[in-house]
1. At 0.36 nm per residue, minus the direct Cα-Cα distance, what do T59 and K118 gain on full extension? Give it in nm, one decimal, please.
2. Quick one: check the C-alpha center-to-center distance for segment 31-86 versus segment 225-292, whole angstrom.
3. May I ask you to sort H7, H27, H121 by Cβ crowding, counting other Cβ atoms within 10 Å and putting the fewest first?
4. May I ask you to list the trypsin sites (Lys or Arg not before Pro) in segment 122-231 that are in a DSSP loop and have at most 12 other Cβ atoms within 10 Å of their Cβ?
5. Less than 15 Å apart at the alpha-carbon level, and either on another chain or at least 8 residues along: which aspartates and glutamates does that give for K241?
6. Give me the lysines in straight-line cross-link reach of K175: C-alpha distance below 20 Å, same-chain residues under 8 apart excluded.
7. Under 18 Å Cα-Cα from K49, which lysines qualify once same-chain neighbours fewer than 8 residues away are excluded?
8. Arrange the following residues from fewest to most other Cβ atoms within 10 Å of their Cβ: K51, K241.
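All of the numbers you see were taken from the coordinates with simple rules; none came from a lab. Here the structure is a predicted model, which means the values were calculated and not measured. All Cβ positions, even for glycine, are placed from backbone atoms using ideal geometry, and neighbour counts span all protein chains on display.
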Amino acid sequence: MTRIDGHTYLIGLMAYPIRHSMSPTMHNTAFEALNLNFVYLAFDVPTEKLKNGVAAIRTLDMRGSNVSMPNKQAIIPYLDKLDISAELNQAVNTVVNDNGVLTGYTTDGVGFVTDLKKKGHEVAGKKMVLIGAGGVGTPIATQSALDSLSEIRIFNRHDGRFDHAKETVDIINEKTNCQASLTDLADQAALKEALAWADIFCDATGVGMKPLEDQSLVEDPTWFKKDLVVYDTVYAPRETKLMTIAKNAGVDHVYNGLGMMIEQGAAAFKLWTGQDMPIDLVQAAIEEKDHQ
Ligand code: NAD
């Protein structure tokens, strides 16, 4: 870390708990590779300390911060402006400090769309089925709609997130040209029909990750047509049960959420530095950490 000197700018990550995060590895690898004078550090900041955390961005003239659970909504009142991505989600994962003006962004949705694009799949003009409209599913839905997805059918179980999913559907229908609808996940016949109709299927529920690693929200391989693009936002494990079922059903394009996670970081990196993150280097650094 010889590049740290009196001119180094700090970028933070404020969440709780957060010490397990891969973001410091990602960003510091990229800063070092591009010889940029920034350093990225993770800070355990529970919501009750968030006001002081945001004040620190201003006091220390930090370039910005990432924000994760439980602070993604709670940070909004402390910021000066919201970008459209944060406005549509009413959530923030990235803060940029431009000469004391703090703007909130959500880069998760851009991460999803960019990762799909790099894998050869545009969302524009396509039809999508999305299960789960929580902190990750919502920006996937809104960003895909902003990027000209033609139709989205969201499925959510009837839990505390259902009303939020309804609001997301209303926002997409009001503010974009994408047609959105919401169905209770309990309606399995509707899900089966929707999967036959869709071009892209995304599971943004976290089912398939510990402690639900032996579960999949689609169990019947015949529900997957071969040309469906199947995307699971989970990246640990790298292959979920849903992905295995889809692959065994002969689906060619089956992806985990690692690319989305790296691309949401790359989008934040670009906002802070104006530079493109060296994705291959960052991916190699993450894989090396995985094996430590
Ligand atoms: P969240 O709690 O905000 O939302 C979870 C959503 O899934 C809700 O809509 C909920 O109704 C639904 N859900 C949860 N359990 C379910 C179940 N058993 N059956 C059916 N529906 C269920 O969580 P989140 O922040 O949106 O994270 C979701 C998952 O996304 C995480 O578990 C993680 O695996 C993954 N994730 C991926 C990235 C990435 O960049 N790839 C980043 C963060 C999280």
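1. 17.4 nm
2. Between the Cα centres of segment 31-86 and segment 225-292 lies a distance of 24 Å.
3. Taking fewest neighbouring Cβ atoms as first place, the list is H7, H121, H27.
4. Taking segment 122-231 and a limit of 12 other Cβ atoms within 10 Å, the loop trypsin sites (Lys or Arg not before Pro) found are K226.
5. Straight-line reach from K241, under 15 Å: D203, E213, D214, E219, D220, D232.
6. Output for K175: K81, K126, K127, K166.
7. Cα-Cα hits under 18 Å: K72.
8. In order of increasing Cβ crowding within 10 Å: K51, K241.
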